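Remarks on the structure that follows.
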Amino acid sequence: MSSRYKSRLFGLVCLIAAGGFAPVLAQDGFARQGQLKELSADLSGISNRVQMSVDQTMASMQNLQDYSGDELTTQAFAMLDSIEAETREVIDKIKVTSPFMSALDDARANVLVLLRKNERDPPSPSRDSRIAALTSSLASIEEQSKQILAAEGTLTSLLSDHAQMRAELIRNGEVRAVQTFVNDLSTLTDGLEQMAVVLSEISQNVVVVPTDDSVATE
């Protein structure tokens with residue numbers, strides 16, 4: 001064995017002993033130091049991303065287990081809360097026992113009194129015109145009073161549907177949580193495959209087995 005070959009082999013041993021990467025070397029092999037350094041940097045970057053992916057996937061699995069709603073669900077619930085509060089305020093003002101409905105009954109009674117008063121006046125074209133106007137107004141008041149009472153029932157019924165809407169929002173959010181978990185898991189497995197590729201390249205390409213001719217030329 002030539003002195004130059006011994007010198008290169010000794011240098012390689014010193015590199016490994018000093019803390020450099022030590023791939024499985026073929027007997028009497030030479031490490032491609034530049035390529036090993038590049039692959040080492042690649043592996044380090046991938047390793048960091050994989051570890052972050054593991055943490056992210058763990059968080060996704062925990063969220064799936066303890067799911068109570070994501071940001072979209074929370075925002076939707078907040079809007080429903082506001083809608084329901086405003087709607088209930090209106091219902092409280094128009095319900096049968098409300099001061100408004102009591103005042104509406106009084107107003108309808110006053111119109112009826114005026115109608116009866118005009119009906120007792122002597123016949124005349126102006127009397128007939130007033131009676132017609134008051135009769136039409138009274139009919140309109142009675143019809144709109146019925147519509148208001150019906151609207152109270154309709155609004156109350158529609159609010160009762162919100163419970164089902166909230167349940168649907170939760171279920172949709174749970175599906176999004178599953179999809180997030182699957183995506184995070186896919187990112188993790190992709191990272192592991194990338195690590196395997198780099199490690200395989202290290203094993204297959206970094207070590208060169210010297211031939212008798214290459215040794216002889218040293």
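The values are calculated or read from the model by the stated rules, or taken from the named source; none is laboratory data. Computed from a predicted model, the values in this text were never measured in an experiment. Positions of Cβ are generated from backbone atoms using ideal geometry, with glycine treated the same way; all protein chains shown enter the neighbour counts. SASA here: full protein model, heavy atoms, side chains in, ligands and nucleic acids out. Shrake-Rupley method; radii C 1.70, N 1.55, O 1.52, S 1.80 Å.
Within segment 101-114, track down each residue that is surrounded by 13 or more Cβ atoms within 10 Å (Cβ to Cβ), under 53 Å from the mean Cα position of the chain (by Cα) and farther than 11 Å from residue 141 by Cα.
101
Can you name every residue in segment 127-141 that is in contact with a helix residue (DSSP H, G or I) (Cβ under 8 Å, 6 or more places away or on another chain) and either over 17 Å from residue 100 (Cβ atoms) or exposed (fewer than 13 other Cβ atoms within 10 Å of the Cβ) (or both)? Spell out how you get there, then give the answer.
Applying the first criterion (in contact with a helix residue (DSSP H, G or I) (Cβ under 8 Å, 6 or more places away or on another chain)) to segment 127-141 yields 127, 130-131, 134-135, 137-138, 141.
Of everything in segment 127-141, those that are in contact with a helix residue (DSSP H, G or I) (Cβ under 8 Å, 6 or more places away or on another chain) and either over 17 Å from residue 100 (Cβ atoms) or exposed (fewer than 13 other Cβ atoms within 10 Å of the Cβ) (or both) turn out to be 127, 130, 131, 134, 135, 137, 138.
Going residue by residue through segment 161-178, is there one that turns out to be polar (S, T, N, Q) and not in a helix (DSSP H, G or I)? Spell out the reasoning first.
Residues of segment 161-178 polar (S, T, N, Q): 164, 172.
Remaining after also requiring not in a helix (DSSP H, G or I): none.
No, segment 161-178 contains no residue that is polar (S, T, N, Q) and not in a helix (DSSP H, G or I).
Among (1) touching an Asp or Glu at 6+ places or on another chain (Cβ under 7 Å); (2) surrounded by fewer than 16 Cβ atoms within 10 Å (Cβ to Cβ); (3) not basic (Lys, Arg), there is one condition residue 173 misses while meeting the rest; what is its number?
Of the numbered conditions (1) touching an Asp or Glu at 6+ places or on another chain (Cβ under 7 Å); (2) surrounded by fewer than 16 Cβ atoms within 10 Å (Cβ to Cβ); (3) not basic (Lys, Arg), the odd one out for residue 173 is (2).
Just a yes or no: is a residue in segment 64-73 open to solvent by less than 80 Å² (accessible area, probe 1.4 Å), on the phi < 0 side of the Ramachandran plot, in a helix (DSSP H, G or I) and modelled with pLDDT of 90 or more? I'd like the intermediate steps shown before the answer.
Looking only at segment 64-73, we keep the residues that are open to solvent by less than 80 Å² (accessible area, probe 1.4 Å), and these are 64, 67, 69-70, 73.
Adding the requirement that they be on the phi < 0 side of the Ramachandran plot leaves 64, 67, 70, 73.
Now narrow it down to the ones that are in a helix (DSSP H, G or I): 64, 73.
With modelled with pLDDT of 90 or more added as a condition, the list becomes 73.
Within segment 64-73, one or more residues are open to solvent by less than 80 Å² (accessible area, probe 1.4 Å), on the phi < 0 side of the Ramachandran plot, in a helix (DSSP H, G or I) and modelled with pLDDT of 90 or more.
Would you check if residue 187 is among the β-branched types (Val, Ile, Thr) and over 26 Å from residue 83 (Cα atoms)? I'd like the intermediate steps shown before the answer.
Numbers: among the β-branched types (Val, Ile, Thr): yes; over 26 Å from residue 83 (Cα atoms): yes.
Spelling it out, residue 187 is indeed among the β-branched types (Val, Ile, Thr) and over 26 Å from residue 83 (Cα atoms).
If residue 26 meets every condition in (1) of a type in the set (A, V, I, L, M, F, W, C); (2) surrounded by 13 or more Cβ atoms within 10 Å (Cβ to Cβ); (3) modelled with pLDDT under 90 apart from one, which number is that one?
(2)
What single numbered condition from (1) more than 30 Å from residue 65 (Cβ to Cβ); (2) open to solvent by 80 Å² or more (accessible area, probe 1.4 Å); (3) polar (S, T, N, Q); (4) assigned to a helix (DSSP H, G or I) fails to hold for residue 97?
Every condition holds for residue 97 apart from (4).
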